[in-house]
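The block underneath contains the structure these notes are about, expressed in structure tokens.
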Amino acid sequence: MVIKYAYEEKQLSSDAIKMRDILAAYIAVVSRKLPDDVTKKLGELSKEEVDPLQQLVYNTMWENQLLAEELKRPSCQDTGALQFFIKCGAKFPLLSELNEILKEAVYQATQEAPLRHNAVQTFDEYNTGLNIGNGIPTVVTEIDGDGDGIEMYVYMAGGGCTLPGAAKVLMPGEGYEGVVRFVMDQMTSYGINACPPLLVGIGIATSVETAAMNSKLALMREVDSISPNENAAKMEQLLEDGINNIGLGPQGFGGKKSVMGVNIINTARHPSVIGVAINTGCWSHRRGKIIFDKELNYTLPLHKEVSL
Ligand code: SF4
């Protein structure tokens, strides 16, 4: 029996088609061009490695980036499962069409970029071939009651970089030391699988799903950004130093630096428990950000030199 994912294209308004086309073009850019903050950080880290093997790895990454742009092809074969983290004004004119716009933009980018087909229907175990499936693309939307524009992160969640992801509710009494133990256990066990140097996102909250969402949103924060909470910022630095000391190095070949950085997002918690989660981004941390106003004028704050 051939099972086919039933995706029905909907009739979009002309403005929705315009937004879809812009988004599809930007998704293709995200697939081949790293965001400005990641490019800058990789440049800094590469200068710290003095051994020929590590230099070779970084030189191969640069060559890979140049060829991706020249050939207009994704910079890694795994273009991930598409995820959108959105803040949308309640008065944004295309709010009611947003989900369809996103799905169609993913479908269009899959054909045009092109993107690898990464939507496998669980249990039925077939690839839809569309990068659209049940729950894919992931869309997380926060409504801004006063706004009339929309801003969104576009993220390509690859298999390898998703692998170290985990979440746990710590036993009462484990405290923030338990957070550090959890993170370091994950990094020493699985960090090497995620194509270092990594951006490590840590979420702290109450339950596994709240911590997990915080940890993913932490990956949307810019590399080199610092938590506004003084204690969280201190933990970011301590964890960065600790994970660097594991010595994973670029692509796990050993070296001075294992991470681009550690970002923590924390929200209030139940008094009895601390939920903690980890998500990692690889050296090819393909996340973008696009901000539209209500007229669909847009800016690309993480790809400043790109025009679509
Ligand atoms: S971890 Fe990143 S660079 Fe490595 S294969 Fe996956 S997406 Fe590509």
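Listed values, structure above:
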item	result
Complete set of residues in segment 146-168 that are more than 16 Å from the ligand (Cβ to nearest atom), open to solvent by less than 50 Å² (accessible area, probe 1.4 Å) and either of a type in the set (Val, Ile, Thr) or more than 23 Å from ILE204 (Cα to Cα) (or both)	GLY147, GLY149, ILE150
Which numbered condition ASN131 fails, given (1) within 16 Å of the ligand (Cβ to nearest atom); (2) free of Cβ contacts under 8 Å to residues at least 40 places away in the same chain	(2)
Criterion: aliphatic (A, V, I, L, M) and open to solvent by 50 Å² or more (accessible area, probe 1.4 Å) - qualifying residue of VAL259, VAL208	VAL208
Verdict on LEU23 being part of a loop (DSSP other than H, G, I, E, B) and open to solvent by less than 70 Å² (accessible area, probe 1.4 Å)	no
Condition met for ALA194 (within 18 Å of the chain's Cα centre (by Cα) and within 16 Å of the ligand (Cβ to nearest atom))	yes
From the options MET171, MET187, residue that is within 16 Å of the ligand (Cβ to nearest atom) and either hydrophobic (A, V, I, L, M, F, W, C) or free of Cβ contacts under 8 Å to residues at least 40 places away in the same chain (or both)	MET187
Residue satisfying all of: in segment 28-57; open to solvent by 20 Å² or more (accessible area, probe 1.4 Å) and β-branched (Val, Ile, Thr); farthest from GLU69 (Cα to Cα) among these	VAL50
Matching residues in segment 87-128 - criterion: being within 20 Å of ASP21 (Cα to Cα) and without any contact (Cβ under 8 Å) to a residue 60 or more places away in the chain	LEU95, SER96, LEU98, ASN99, THR110, GLN111, PRO114, ARG116, HIS117
Identity of the residue in segment 268-295, touching a helix residue (DSSP H, G or I) at 6+ places or on another chain (Cβ under 6 Å) and open to solvent by 10 Å² or more (accessible area, probe 1.4 Å), that ends up nearest to MET184 (Cα to Cα)	ASN279
Complete set of residues in segment 266-290 that are within 16 Å of the ligand (Cβ to nearest atom) and in a loop (DSSP other than H, G, I, E, B)	CYS282, TRP283, SER284, HIS285, ARG286
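Residue by residue, here is whether (1) part of a loop (DSSP other than H, G, I, E, B); (2) of a type outside the set (Gly, Ala, Ser); (3) within 23 Å of LYS216 (Cα to Cα); (4) more than 20 Å from the chain's Cα centre (by Cα) holds:
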{"site": "LEU42", "(1), (2), (3), (4)": "no, yes, yes, no"}
{"site": "LEU53", "(1), (2), (3), (4)": "no, yes, no, yes"}
{"site": "VAL57", "(1), (2), (3), (4)": "no, yes, no, yes"}
{"site": "ALA68", "(1), (2), (3), (4)": "no, no, no, no"}
{"site": "PHE85", "(1), (2), (3), (4)": "no, yes, yes, no"}
{"site": "ASN99", "(1), (2), (3), (4)": "no, yes, yes, no"}
{"site": "LYS103", "(1), (2), (3), (4)": "no, yes, yes, no"}
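The values are calculated or read from the model by the stated rules, or taken from the named source; none is laboratory data. Nothing here was measured: the structure is a model prediction, and the numbers come from that model. Neighbour counts run over all protein chains shown; Cβ positions are idealised from the backbone, glycine included. Surface areas here come from the heavy atoms of the whole protein model, side chains and all, with no ligands, DNA or RNA. Shrake-Rupley method; radii C 1.70, N 1.55, O 1.52, S 1.80 Å.
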